[in-house]
Structures are given as structure tokens and as C-alpha cells.
Amino acid sequence: MKHVVLDLVLAGMLAGATSATAAIIGSGTIDRGYLDSYTQFQLVDTAAADTVASSGTLTSWSFYAGQPGTLGLEVFRPVIGGYQLVAETDYTAASVGVQTIAVSIPVQAGDLMGIWTGANSVIPFDYTSGGNHIFAYTSDNLPANHILVGGTLLASSIEGLTDRLYSLQATVTPVPEPTTVLAGAGALGLVLASFRLRRSTNAR
């Protein structure tokens, strides 16, 4: 019984030591006023508020589908001269409404969300102002702009910038801080030492 109790205590301590709070970036997954007239083009969300804050794992995408269609949900990494595409989740929305997709994508601090729009626009948007939600976009109806994973969307391919709120969110679980893990390891050591001391005392 003592071993079972100890195992439960240690498991709880380790879980607390290694857990990290997930962050949601992006805008609310609600119906909005507009759908893009552009098709076969790419968007990069350059908003500071929507940037991945620390290294971790992107565990899910959520978006509102304003109409059925196929799209790519993307992770871009700023590089010299443009944005490198490091991951893409292709998805076909069969119906209107909120869609959630479970994924496991390693991300780094500074990574950005992006959207590839196929034959028709899927995610609705609202216009906004203030410069806090700037999206870079490529030319209309140009399939060659669909950069493959590992490729770079060059700054020269950007047609313009627009201030918008798209109904797209990503959930990112950060890597636990080293100090948190060390603290958990230290607490684990104290529990083991205490347990050994009690065993030694009881044996006398």
C-alpha cells in the first residue's frame, strides 16, 4: 500500500512539474462579414499578438468555415527575404461552422500562422484598423504562389498588406521552463529521501 501511495504522490509531483499552460493565438472562431474574393493565394498573419511566444507544440487548429471548401493551415518562420513554410495542414471543410483539427507541430518563438486558399475562400474575416492585425497576401489566382513545406514565400511575392481579423486560432503548448523541471526533480529527491529515512527508522 505504501508503494502505491508513493507512486501516486510522485506521479502528481512530476505532472505538476512538467505541465505548461497552453496559449491560444489568433482571433475568435465566429462568423464574420466577408469572404475573400481572391482564390489560389496565400496569407501570412504578421500580427505581433498572433505570433508564437515560445518554443513548443501546436496541438490544434480551430477556424470558422463560412462555406465548404479546401484550404491549408500553415506555420511560417520569418527568414531573410521572406517567410519559410515549416508546416501545412491541408483540410476540407464539408460544412459551415467551427472546425477543430488535432495536430502535433513543433514550433519556435516567432513563428507565424498562415492560410492557403484553394478554389474558394473558406475562412471569413472582418476589416479592422489600428495596424494590430496585418496580413501579408499574395496575388489572386496564382497556384504557383502555393509554397510547399520547406520553401520560402519571398517578400517580392507579397502583393500587399491588409488589416483584418480572420476566424482562425491555434493552440500552442510551450516547452516547460528548465527551472520548473528542476524544481520538480528537487522535490522528487526530497520525497525519496524522506521515504528512505522512514524505512530506515522503522527497520530499527
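Summary of computed values
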read-out: Ascending count of other beta-carbon atoms within 10 Å, so fewest first, for E88, E159, E74; value: E159, E88, E74
read-out: Nitroxide proxy distance, nm - points 7 Å out along Cα→Cβ at A23 and T92; value: 3.5 nm
read-out: Cβ-defined net charge surrounding G66, 11 Å radius [Lys, Arg +1; Asp, Glu -1]; value: -1
read-out: Full-extension gain in nm, L154 to Y127, via 0.36 nm per residue minus C-alpha separation; value: 7.2 nm
read-out: Three-way shape call for segment 21-174 based on the alpha-carbon gyration tensor, with the a/c threshold at 1.5; value: rounded
read-out: Pairwise FRET efficiency - T70 versus T162, Cβ, R0 = 30 Å, nearest 0.05; value: 0.85
read-out: Residues Y34 and A119, FRET efficiency given R0 of 25 Å [Cβ-Cβ distance, rounded to 0.05]; value: 0.90
read-out: Gain in span if fully extended, V175 to S55, counting 0.36 nm per residue against the direct Cα distance; value: 42.6 nm
read-out: Extension gain (nm, one decimal) between A48 and N141, 0.36 nm per residue minus Cα-Cα; value: 30.7 nm
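Every number here is computed from the coordinates shown, using simple stated rules; none is lab data. Predicted model, so just to flag it, every value in this text is computed and none were measured. Here Cβ is always computed from backbone atoms with ideal geometry, including for glycine, and neighbour counts include all displayed protein chains.
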